[in-house]
Every structure is written in structure tokens, then in C-alpha cells.
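Here the structure comes first, spelled out in C-alpha cells, and everything after it is commentary.
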Amino acid sequence: MLLIKSLNLNSKFFLTFFLAFSFCFSATGEEAVDIWNEKKDKTEEKILRKNNISQETRIDFSKIEVGEKKQEIKISDNENTDPEIKLVGLYEPQKNDLNLDMWSSTDGDIIKDTLARIDKIKLSKFSEEIFVNTILTYSYPPKNKFSQDEFLKLKLNWLIKNNKINLIENFLNNNSQFSGKSKLIKYLVDFYIASADISEGCKKANFINKEIKDNYLEKFRIYCLILDKKQEEAQLNFDLLREEGRSDKFFNDKILFLLGMKEKANKKILDNNLLNFYLSSVTVEDFKYDPTKKTNKNIWKYLNASNLISINYTEDKETMKKYEIAANEGTFDQDKIFEFYKAVPFHVNQLINADTVYKSLNGYESRSLIYQKILLSDNTENKLNLLFLLKDLFEKDKLTNVYTKHLSDILKKMDPKDIPDNFVKIVKRNIISEDVSVLGKIKYDDKVLHRSKVIKIFTEKNPNKKKIKKDFSNVYKKIKRNKKYFFSIKDVILLETLSSDGLEIPKELDINKLSENLTIPTNINLLVKNNEIGLLMLKLVEIIGSDDIQNLDPETLYFIVNILNKAKIKKVRNQILNLTLPLRV
């Protein structure tokens with residue numbers, strides 16, 4: 001975590017700072033490490049900065065070095081009384097060509113509105129990557145209408161809403177103290193309890209420190225100490241919790257039993273939160289619980305993960321509907337629903353005439369009948385008709401999520417050669433891709449500029465720039481000889497980018513003329529001019545949205561790359577060019 005406060009630097013300060021800093025190193029005798037190097041032990045630095053600090057006095061974080069022991073770098077002024085600004089995040093600004101002030105010039109309300117629109121979009125893998133890299137980069141908050149705590153809260157809520165477990169853990173590892181820390185830890189703890197992985201949940205309890213006063217987390221930590229057979233430490237923490245009046249009768253009863261200080265625990269089952277419910281399940285003999293529609297989703301998940309739910313055939317439609325809704329919401333095993341469908345009894349005549357009989361049935365009975373008919377069908381076309389009929393029945397009762405993956409799995413097992421022509425498109429649409437995009441091998445074509453060897457400057461890790469320049473000269477000579485050659489939008493994108501990176505373009509190649517019919521929205525250009533780089537990146541996320549970058553039309557691709565060139569955000573730009581310019585086989 002970086003703490004940055006504003007100041008006016010003077011010569012006296014520099015002398016004092018230099019002497020203090022030199023002494024710090026000579027005293028420790030330890031090897032210096034890069035402040036941004038994530039592979040080293042985490043350090044905490046305090047850098048004090050004034051809001052009106054000039055460009056000349058900015059601090060280059062990449063050049064600050066500290067010893068491996070935790071210490072603070074303070075740049076201060078005796079007259080300065082500005083509050084400290086705590087920077088939290090995951091990524092250094094330089095990693096993605098961003099900067100600490102990328103939000104400073106932007107109105108907070110505009111950022112909020114943009115984030116609200118993005119929140120409604122199911123982002124593609126590429127646009128989500130840009131979004132995460134942008135919001136989790138160390139930076140100053142907007143100067144107005146968006147407080148530091150508000151800004152941070154919004155980021156943390158996004159991580160939780162989108163279940164970004166790995167990012168949450170990395171965030172906790174990289175930031176020792178911040179507003180909302182206990183909320184993140186609690187989410188992690190509940191995630192692992194709900195997954196019936198208590199040992200992993202207990203590891204996350206290590207994020208709890210003395211600054212955190214959260215009854216829920218401290219109770220869980222006490223249970224983990226008991227689980228880890230650290231009885232004395234558990235009892236000490238338990239006694240302290242009770243002395244401070246932060247325990248309760250239910251928790252006391254369960255912990256005293258688990259500590260062996262009570263022969264029997266109360267048989268009461270409490271489901272007001274996941275921890276209490278979990279403690280009930282491990283202390284109540286012959287534990288049984290019948291969840292309802294109102295039961296917390298995490299409790300549903302825990303029951304499912306712990307195999308504490310067994311459903312048998314029942315004619316009670318409401319009971320079955322309860323489990324179908326839970327499966328649709330992802331809190332109950334969807335496969336168990338189909339196991340139940342197989343157990344519903346039908347007469348032979350009902351199965352033979354299932355494609356008409358189902359109309360006289362409702363809810364799970366109609367779905368069960370069609371599902372059993374699918375299992376009995378050996379004709380591909382009939383089976384496909386029934387599969388998509390069953391899909392309609394799920395959609396009718398708004399239970400689509402129960403069936404989506406199951407349908408995809410069945411379709412994947414079918415031989416594509418056996419699928420009738422009239423079903424090919426609908427089958428393809430209903431197969432869930434594995435979301436593993438393997439880039440094919442690049443096939444260079446020097447007859448087309450944007451597919452020529454020139455693009456190696458974007459597709460290779462350490463391109464030979466002298467060779468690229470020579471390749472460009474040779475490719476251009478070939479193209480020039482072709483009187484019918486037409487410069488495509490992707491060619492223009494390449495030429496503009498090469499020019500932006502300092503490659504000299506032949507004078508007869510008038511890029512402005514080639515791009516005269518291609519436009520950039522004025523409001524986007526202004527973001528670069530005003531150094532509103534954070535908002536610019538959010539706008540790009542919004543524009544790309546749920547689309548794969550490879551599927552964007554050339555006009556949209558042009559203005560995205562053009563604006564990234566102007567903003568000098570080369571890493572994201574190069575990713576885009578690597579995915580969109582080459583021909584891959």
C-alpha cells in the first residue's frame with residue numbers, strides 16, 4: 001500500500017531526507033529492492049504529496065528503493081496539514097501505460113454513470129481484462145464528487161459481485177489496511193464455508209489483524225483455532241470476546257461444547273448467517289434442515305456441497321419447485337434435478353406419446369416426461385426436437401439456467417455428421433464454448449500490408465526494429481508496383497501506428513488523406529487532451545463490451561487504436577493489433 005500526501009519541497013528538506021534515507025540503508029545493511037517488485041516481501045511506504053505539486057517535483061516510484069524490512073518513506077513539510085491519501089490497488093501504473101493522475105481531472109459523477117452502464121454489460125474476456133487493470137491500478141481518486149472511500153467501495157463491490165476470488169486474495173495480500181477490508185475477508189470466508197472447504201476458509205482468517213474488530217470474523221477465527229487443536233489460544237480469544245460483550249448465547253454454547261467444557265450442545269439450529277448455520281451442522285446430532293425459498297444462498301450452497309440435501313420423488317409440486325429454483329440460481333446441484341426427473345413414474349403409454357401428453361401436465365411433471373423420452377430416443381432428429389422442446393419448457397417457467405449446461409453437454413456428445421442440416425445452426429448456438437481461445441499460427445502475406453512481416457513489431461516479444469524497417473521498405477515497394485492495390489482500414493491502422501511509434505513513412509503515403517473518411521468521436525479525443533485516461537479506458541471497455549476484439553468492425557477498431565496511439569497506451573494497443581491484424585491458421 002502506498003500512502004501519499006502533498007507538500008512543497010525545498011532544499012533543506014532534500015538534505016534532511018537524503019541523510020535520513022542514507023542512514024536507514026546503512027543501518028539495515030540489507031539489499032535494496034524495487035518498490036513495485038511483487039516478488040519481494042510486501043513493503044509499506046508513505047509518500048507525502050501536495051495537491052498542487054508541480055511536474056518537476058513528482059516522484060518516480062519505479063526508482064524508489066527500500067530495504068526488505070517494513071519502513072516508511074516520508075516526504076513532508078512542517079507547514080503541511082493536508083490529510084494522508086492512502087493508495088490501494090494491485091497494479092503499478094507503468095504496467096499498462098497508465099498514470100497516478102488518471103482519474104484526477106474527471107468529474108466523479110461521470111465516472112459513476114459510466115461504471116453503472118458497464119455494470120449492466122456482460123463483458124468479454126478482453127474488455128474485462130482492461131476493466132480490471134484500470135480500476136485496480138494504484139491511482140489518486142477523482143478530486144470531486146467521488147471520495148476515496150466511495151471509489152474504493154465501488155471497486156470492492158465489483159470484485160464481490162463478480163466472485164473474483166483470486167483477485168480478492170491478491171488484493172488482500174497487497175494491501176495491509178484499507179476501508180472495507182473486513183467485508184472482503186468475510187466474503188472469502190463465506191465462500192469457502194459454502195464450498196465445505198473449511199480448512200481453506202481458516203487460512204483466509206490469517207488476513208484478520210488486530211485493527212479489525214468484526215465479531216463474525218473473530219468468532220470464525222476462534223473456531224479455526226479449535227479445529228487446529230490450539231485450545232488454549234482459542235479459549236483465550238473466546239474469553240476476551242465474551243469480556244468485551246461481543247459474543248452471544250448461541251455462539252457460547254457451541255464453542256464451550258467444542259472446547260470440551262460442555263457435555264452436550266444445544267440442538268438449536270440458527271440460520272441467520274452462514275457461520276451460525278455451519279456451527280449448528282457440526283454440533284447438532286442427526287442434523288436435518290429443510291431449506292426454503294427464503295433460505296440464504298450460501299446456506300443452500302453449503303447444504304449442497306456437504307451432501308446434506310437428499311431429494312426423493314414427491315408429488316408435492318412446491319417442494320420440487322423450490323429445488324428447481326435453487327438450481328436455477330446456482331445454489332443447488334443441477335445434475336440432481338435431472339436425477340429426480342428420471343425417478344418420476346410414468347405409464348408406458350405416456351412415454352410413447354410424450355410429445356403430446358406433456359401438454360396436459362404442468363411444471364416439473366411435463367419436463368420429467370420429455371426428459372425421460374429423450375433418454376429413450378435413438379433417432380437423432382427426434383432427439384433434437386425433444387431437446388429443444390425441453391428447452392422451451394424450462395424457458396416457460398424461467399428456469400433456463402438449470403438446463404443450459406446440460407443441453408450443451410448432450411449436444412457436444414453428438415457426432416456432427418449425424419446432425420440434420422436444419423439443426424446445424426441451432427445446435428451450434430446452444431453449445432457452450434470452453435472459453436479457451438488458442439491463437440493460431442500467423443501466416444504472413446507481404447502482398448497485404450497489415451498481414452505482412454511488418455506486424456512482427458506487435459506480434460513478437462523482442463522484435464528487431466531495424467529489420468522491421470527494412471521489411472516495411474520491401475513490402476511497400478511490392479505494394480507500390482501493384483497499381484490496383486487498395487489501402488484497407490487495417491492498413492491505415494498499421495500506418496498510423498508505425499508513424500506514432502517513430503517509423504518514417506514515405507512522403508507519398510499521405511496518411512491523412514487515407515484516413516479522411518474515418519472519424520473519431522470528439523468527446524473521446526477530449527479525454528486524451530484533458531488527461532482523463534481512467535475514463536478513456538472505461539469508455540473503451542463500454543465500446544468493446546461483450547464483443548470479442550477480433551469481431552469488431554474495422555471502423556470501430558480504427559478509432560480505438562487511433563485514440564490509444566494519442567494516449568500512448570501501447571501495451572493494450574499492441575494486444576489489440578496482435579489479435580486483429582494477422583491472418584492466423
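The values are calculated or read from the model by the stated rules, or taken from the named source; none is laboratory data. These numbers come from a predicted model, not from an experiment. Heads up, the Cβs are rebuilt from the backbone with ideal geometry, glycines too, and the neighbour counts pull from every protein chain shown.
At-a-glance table
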quantity	calculated
Every pair of residues 6+ apart whose Cβ atoms lie under 8 Å, when the first sits in the range 368-397 and is over 15 Å from Asn430 (Cβ atoms) and without any contact (Cβ under 8 Å) to a residue 12 or more places away in the chain while the second is small (Gly, Ala, Ser) and exposed (fewer than 14 other Cβ atoms within 10 Å of the Cβ)	none
Condition broken by Lys122, with the remaining ones in (1) basic (Lys, Arg); (2) part of a helix (DSSP H, G or I); (3) at pLDDT below 95 satisfied	(2)
Test: residue in the range 485-495 that is surrounded by fewer than 18 Cβ atoms within 10 Å (Cβ to Cβ), over 41 Å from the mean Cα position of the chain (by Cα), outside any helix (DSSP H, G or I) and assigned by TED's automatic domain parsing to the domain that holds Ile576	yes
The listed residue being farther than 21 Å from Thr400 by Cβ and part of a loop (DSSP other than H, G, I, E, B), out of Asn349, Asn307	Asn307
Residue that is surrounded by the fewest Cβ atoms within 10 Å (Cβ to Cβ), among those in the range 192-210 that are farther than 16 Å from Leu225 by Cα, touching a residue at least 40 places away in the same chain (Cβ under 8 Å) and within 22 Å of the chain's Cα centre (by Cα)	Ser195
Residue in the range 78-110 that is modelled with the lowest pLDDT, counting only those that are aliphatic (A, V, I, L, M) and under 22 Å from Ile168 (Cβ atoms)	Leu87
Residue within the range 404-423 that is hydroxyl-bearing (Ser, Thr, Tyr), assigned by TED's automatic domain parsing to the domain that holds Ile549, under 38 Å from the mean Cα position of the chain (by Cα) and in a helix (DSSP H, G or I) present	no
Test: residue in the range 508-526 that is assigned to a helix (DSSP H, G or I), more than 25 Å from the chain's Cα centre (by Cα), hydroxyl-bearing (Ser, Thr, Tyr) and at pLDDT 95 or above	no
Residues located in the range 147-189, provided they are among the aromatic types (Phe, Trp, Tyr) and more than 18 Å from the chain's Cα centre (by Cα)	Phe178
Hits in the range 557-585 (condition: over 12 Å from Leu494 (Cβ atoms), at pLDDT below 95 and part of a loop (DSSP other than H, G, I, E, B))	Leu583, Val585
Pairs with Cβ under 6 Å, 6+ apart, first in the range 280-297 and within 18 Å of Phe250 (Cβ to Cβ), second of a type in the set (Ser, Thr, Tyr) and surrounded by 10 or more Cβ atoms within 10 Å (Cβ to Cβ)	Phe287/Ser281
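Per-residue answers, yes or no, for (1) touching a residue at least 40 places away in the same chain (Cβ under 8 Å); (2) surrounded by 15 or more Cβ atoms within 10 Å (Cβ to Cβ); (3) assigned to a helix (DSSP H, G or I):
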residue: Asn237; (1), (2), (3): no, yes, yes
residue: Lys254; (1), (2), (3): no, yes, yes
residue: Lys264; (1), (2), (3): no, no, no
residue: Lys267; (1), (2), (3): no, no, no
residue: Leu275; (1), (2), (3): yes, yes, yes
residue: Tyr302; (1), (2), (3): yes, yes, yes
residue: Tyr323; (1), (2), (3): no, yes, yes
residue: Ala326; (1), (2), (3): no, yes, yes
residue: Pro345; (1), (2), (3): no, no, no
